[in-house]
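Data first, discussion second: the structure below is written as structure tokens.
The values are calculated or read from the model by the stated rules, or taken from the named source; none is laboratory data. In this text the structure is predicted, and so the values were computed from the model without any measurement. Cβ atoms come from the backbone with ideal geometry, glycine included; neighbour counts cover every protein chain shown.
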Amino acid sequence: MALLDIRNLNLAMRSYEGETQILHGIDLVIERGEIWGMVGETGSGKSLTGLSISRLIPTPPGRYLAGSIEFQGTDVLKAAERDMRRLRGRHIGTIFQDPTTNLNPVFRIGTQIVDVALHAGHADPTVLGLSAGASRREFKRAAREKAIEMLDKVGIPKAAERIDDYPHQFSGGMRQRVLIAMAMIGKPDLLIADEPTTALDVSVQAQILRLIHDLVAERNIGVLLITHNLGVVAQICTHVAVMHRGRILESGKVGDVLKRPAHVYTQALLNSVPTVHTKRGELRGLSGLTPESFA
Amino acid sequence: MLLFVLRRLVLVVPILIGLTLLLFVVARLLPGDPVGLAAGPNATPELIASLRQEFGLDQPLPIQYWTYLTGLVTGDWGMSVFTRRPVFEDVLTYLPATLELVFAALIIAVVVGIPLGLLTAVYRNGVLDYATRTLALGGIAMPRFFLGLLLQLAFAAWLDILPLSGRYPLIEIPPETVTGFYTVDALIAGDWYALRIALAHLALPAIAMALSPLATIMRMMRASTIEVLQQDYVMTERALGLSNRLILFKYVLKNAMTSTLTVIGLYVSWMLGGTVLVETVFDWPGLGLYATQAILTQDFMPVIGVTLVIAIIYLFTMLVVDVLYGVFNPKVRYA
Amino acid sequence: MSLVIENVTKTFPGQRQGLFGRGDSFTALDDVSLRVAKGASFGLVGESGSGKTTLTRCILRLESLTSGRILFDGADVHALASAEMRRLRSRLQIVFQDPYASLDPRMTIHDIVAEPLVIHRDVVKMTERQRTERVAELLLQVGLGTQHLFRYPHEFSGGQRQRIGIARALAVRPEFLILDEPTSALDVSVQAEVLNLLHRLQVELGLTYFFISHDLGVIRYICDDVAVIYRGKLVEQGPVAEIFDRPQNDYTRMLLNAMPDPDPDRSPFRRPAEAGVGA
Amino acid sequence: MTTPEPLAIPRRNQSARLENWSRAFYRFRQSWLSMVGLAIVVALIVLALLAPFIVPYPEHVEGVTNTAARFQPPSASAWFGTNALGQDMFSLVLVGSQVSLFSGLAVVFIAVVVGTAVGAIAGYFGGWIDEILMRVTDLLLTIPSLILAMAVAAALGTGVFNMIIAISLTWWPAYARLVRGEVIGKKEEQFIAAAHALGAGWPRILCRHILPNIVSPIIVKASLDMGFAILTVASLGFVGIGVKPPTPEWGTLLSGARSYMPDYWWTAVAPGMAIFLAVLAFNLLGDGLRDVLDPKARR
């Protein structure tokens, strides 16, 4: 049975102007070891799809009209909140876009990462290398040790000391590494990364993508990487799904979709990206496309 | 951290000096003749002259200000023409009553306001939320002195379960003074009977004083909690499986407290300034009553004394709020 | 007409600590020199904190200089009297990065685009009626319709707002346009259209561009010459083809490698065996 | 150049601005609490304006007493009953609203004008101007406003005009701080840098760009403050430093009624409820305006 199997997912969101349907029948299957890129422009519904997997969209205002999301056999949309909480952090790790706002500013980074480790540890003590009967103090000590180990693994220099620093004492790139450590400390089977490098400089972005790639290869986990940047998809992903206004127009192996795009929208997207090799005047936006081309 | 506190202290001195100067000018330049009033309608010119001389009112202004300033430091805050006692002495006798009332009101406002704000933020648009929000609007709008009257009407006159006014019945001997707060002194002396009387007298004025700050602190706490709940880091904490209880009482509460703190600080000065109203309704022998009498008799030294004390307490509270803000928000501490 | 930047250095004083102490000062620009010839399209590439925005603020005299000079058409910008500086501003305009923050939310599109005409009315003598016609003409020129001339910025998409920003910059017929990351906040398809618009306008109006970006692809597409800035220092400068194909400086080389290319075969993670075959 | 076909320029109809306001009013109508607040405020203002014409017992307002009809409970002839001097409470409270409402309005108006000017200049220019203005503001903020207002009112003598001066003296600093904070925030926005780059001078930037963008928080604070200004006016009256008798004022009426509690409770309840209603109405209005004008605050 697949790691993640999304079938015919239909989601509507209610705002004070009324309810609008956002996702129109999303189908996606992710296996371990696969890095799926979900690429689309603003308003394509890619982030909402990501949030639905850990059922982080409160209902209301969200409403799932149809479809199912099966994670290792359990249907996320129907699971009890308690079970969902055990999934989050332990089986599904999540990273969001902006490192400056995703870390609680008034707590030391150690406090936050240890809490996540403790949560994962209580769900499954082996994550912290403990037996079920371990005492609270042992849990806390093991969690802190694991946190330092994880911070070191994601490339935080002098992790043992810096664990007690505050978020504002870290650069954007470093903060994103802390967030990755938090997401990976529970040994998740699936990592969801929503625009993990968009807020970072190109040089830092390359290092973070390298870090994600190595972690995935080492732990053979599945990844859903949500981004609007085709370059990032081409660089790190094994598979890609192209989204537009709540529909997946095309999906498959990166080599097939990006080199021999079947859908005209994918082709247009590819032609819109100015690379270091694009000649002046070659760029053509979506001008050639009409609503029919999305029928 | 110490440097942070010292730096704040240094900033307070110029404000204090400015304050005394302003008050001195306001009092001196204003028309109104305290000596004339004190000397009585048919006072002879010689009596008025000797009175003016006694209070040093005949010297040039800068000298008067300098003697006043040096006096301040040495505890000589001038004489109250009306009570014919040193202002400093009067202030010391009346201050504890006002402080006790303000602290009691503040404690009620904070102890009830903060949790209520948190609850209504989490269970938004529930019955509790709507009820507390409308009550809060009523609480803010209710004038303290009118509320005092209504409380007196209900609890003292009709139900007769609480004393109508006053701070301590004349026939009873108040507990011997340690802090000047009857409730605390009674506790120190372990005199439960005195404690019960003190609390009974304190209850109504404290509630009258506390309702409006309670409502505002509750609304402020609710607004900042809601804002914090919408932050990205709360979504990350939820996505990584932390329980709602842990997120709310550990990660959200500390952030929400930072902005509510400043409101609490502001309320101390609002309360200190407003004690005069509640004290008038409940004949509470505090600085408010003392200031009102001084103003009605145009005796400016006590007014300066009272305003100075309240301003000093305000500056001290703002310092405490700043320090607490530094404790809550590390970015400020390392600024 | 050209822009010459001679040994410009800009240091910001450290934050005031306490009443007397002062933190260590921060050098945003360190001895920067470059020349932009008339009609050229000069690119400046740098990451956040490299000083590229500070340089634009210095050129526009929104920031003072610590040392060095900036000459626009021979005139020393930072030495001009305020009246002359105001006249010079009509010849030198800027388009900002964030389409949502660079337009006054309380003004209609008409008033926004007409504002430069109002400010420089002594130079651009126009009646109210003529100004409205000029605004409509500008909107058409940047590919927008005139039907919502009196609408507010929040009713437009990011791409449309950026076109409005360009229309405003062109209102007083400037010769020189500074573009501070004009398309980095836009979706890739909208960015392509705006880049094409900018290219067309340069050809039609003979504008000189000073184009700031962190995206090497965009620089390659629009610019003839490029300078790379890192922590306030120009590390390399020259024609785009030369710099991109044979980078001399390590930082430039690193930037070129780090830039993700939409062609999977060029990915540094791809072991050749893996490309197109999938794990 | 594109072929010059005729430019379809729509008339500068005010539709855009109109539509903006109608959408805002639609959101305002959403919360019935704000509508209740608006209704009471409008009723109060109308009543205050018409008071001298519609007052049932105009002579009582001038101080005429009718001791025979002392302490009548509320009845058909005297809706709010009569006070110790037999005067009709309803008339007194009705005319009293003039003093409270209009002095409250005057205080807030003065405070907004002075506070905005000081705050805008301090916020925009910064440097030593900001230091000096802000130290003065801090100084006034440290002084408990009620006591200083009492001292100034007492020294200058009672009377509506002196009272308004006394209260607004300690009221404008709060606006100065608010406006300064908003101006400092807006000063960094990109559209301000754009205006600089266009060659706009500081007057145009401050008045045409910055002030219109910070008008909402000022309006919200002003409407909330109206209630508190009325409360402060009544407080001064209550402490005996309000208006010179016989002009009726809610605070003085309440203070007078105090000595006849608890038997003749209606003499106190009438003015007390009037103050409460006025302050509540302006608070509801202020809340409603905040939700409409300040989208971030939409809860």
Could you please find all residues in the stretch C:212-237 being touching a Phe, Trp or Tyr at 6+ places or on another chain (Cβ under 7 Å) and aromatic (Phe, Trp, Tyr)? C:Tyr230
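Listed here are the residues, each with its yes/no results for (1) closer than 26 Å to B:Trp270 by Cβ; (2) modelled with pLDDT of 90 or more; (3) crowded, with 22+ Cβ neighbours inside 10 Å; (4) small (Gly, Ala, Ser).
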| residue | (1), (2), (3), (4) |
| --- | --- |
| D:Val99 | yes, no, yes, no |
| D:Val108 | yes, yes, yes, no |
| D:Leu140 | yes, no, no, no |
| D:Ile147 | yes, no, yes, no |
| D:Val152 | yes, no, no, no |
| D:Met163 | yes, no, yes, no |
| D:Trp171 | yes, no, yes, no |
| D:Ala176 | yes, yes, yes, yes |
| D:Glu182 | yes, yes, yes, no |
Pairs with Cβ under 9 Å, 6+ apart, first in the stretch D:230-242 and at the interface with another protein chain (Cβ under 10 Å from one of its Cβ atoms), second charged (D, E, K, R) and assigned to a helix (DSSP H, G or I): D:Leu231/B:Arg144; D:Ser235/B:Arg144; D:Phe238/D:Arg258
Tell me yes or no: at least one residue of the stretch C:263-270 is modelled with pLDDT of 85 or more and more than 7 Å from chain A (Cβ to nearest Cβ). no
Single residue of C:Leu139, C:Leu195 found to be modelled with pLDDT of 90 or more, within 11 Å of another protein chain (Cβ to nearest Cβ) and under 30 Å from A:Ala199 (Cβ atoms): C:Leu195
For the stretch A:71-101, name all the residues that are within 26 Å of A:Pro167 (Cα to Cα), of a type outside the set (Gly, Ala, Ser) and part of a strand (DSSP E or B). A:Arg88, A:Ile92, A:Thr94, A:Ile95
Okay, helices (runs of 4 or more DSSP H) sitting entirely in the stretch B:278-335 with 3 or more residues that are within 16 Å of the chain's Cα centre (by Cα) and crowded, with 19+ Cβ neighbours inside 10 Å, I get B:287-296, B:300-328
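Given the criteria under 21 Å from the mean Cα position of the chain (by Cα) and on the phi < 0 side of the Ramachandran plot, does D:Lys187 qualify? Working first, answer last.
On the way: under 21 Å from the mean Cα position of the chain (by Cα): no; on the phi < 0 side of the Ramachandran plot: yes.
Judged against the criteria, D:Lys187 is not a match.
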The lone condition A:Ile22 fails out of (1) in contact (Cβ under 8 Å) with a residue 40 or more places away in the chain; (2) in a helix (DSSP H, G or I); (3) more than 17 Å from B:Arg238 (Cα to Cα); (4) among the β-branched types (Val, Ile, Thr) is (2)
Select from the stretch A:104-143 the residues that are among the hydroxyl-bearing types (Ser, Thr, Tyr) and in a helix (DSSP H, G or I) and list them in ascending order. A:Thr111, A:Thr126
Test C:Ala227 against the criterion of being among the small types (Gly, Ala, Ser) and modelled with pLDDT under 90, and give yes or no. no
Are any of the residues in the stretch B:75-85 on the phi < 0 side of the Ramachandran plot, touching a residue at least 40 places away in the same chain (Cβ under 8 Å) and part of a helix (DSSP H, G or I)? no
For the stretch D:17-36, state whether one or more residues are at pLDDT 85 or above, away from chain C (no Cβ under 14 Å), surrounded by 14 or more Cβ atoms within 10 Å (Cβ to Cβ) and assigned to a helix (DSSP H, G or I). yes
Considering residues of the stretch B:259-277 that are away from every other protein chain (no Cβ under 11 Å) and of a type outside the set (S, T, N, Q) only, the residue farthest from the chain's Cα centre (by Cα): B:Leu261
Does D:Leu280 qualify as being away from chain B (no Cβ under 11 Å), out of contact with any Pro (no Cβ under 7 Å at 6 or more places or on another chain) and closer than 30 Å to B:Leu229 by Cα? no
Filtering the stretch A:164-180 down to residues that are crowded, with 23+ Cβ neighbours inside 10 Å and either over 30 Å from C:Asp250 (Cα atoms) or at the interface with another protein chain (Cβ under 9 Å from one of its Cβ atoms) (or both) yields A:Pro167, A:Leu179
Quick test of your reading of the structure: D:Ala200 fulfils all but one of (1) under 30 Å from C:His78 (Cβ atoms); (2) in a helix (DSSP H, G or I); (3) facing another protein chain (nearest Cβ under 7 Å). Name the failing condition by number. (2)
I need every pair where a residue in the stretch B:285-296 that is more than 10 Å from chain D (Cβ to nearest Cβ) has its Cβ under 7 Å from the Cβ of a residue that is part of a loop (DSSP other than H, G, I, E, B) and buried (at least 19 other Cβ atoms within 10 Å of the Cβ), sequence separation at least 6 or different chains. B:Pro285/B:Arg167; B:Gln293/B:Phe82
Select, from D:Ile184, D:Ile210, D:Ile205, D:Ile218, the only residue that is in a helix (DSSP H, G or I), within 23 Å of D:Leu285 (Cβ to Cβ) and more than 14 Å from chain B (Cβ to nearest Cβ). D:Ile218
Scanning the stretch D:147-181 for residues that are farther than 19 Å from D:Pro248 by Cα and away from chain B (no Cβ under 13 Å) gives D:Ser168, D:Trp172, D:Tyr175, D:Ala176, D:Val179, D:Arg180
Kindly check whether there is at least one residue in the stretch A:271-281 that is among the hydroxyl-bearing types (Ser, Thr, Tyr), buried (at least 20 other Cβ atoms within 10 Å of the Cβ), more than 27 Å from A:Arg7 (Cβ to Cβ) and in contact with a Ser or Thr (Cβ under 9 Å, 6 or more places away or on another chain). yes
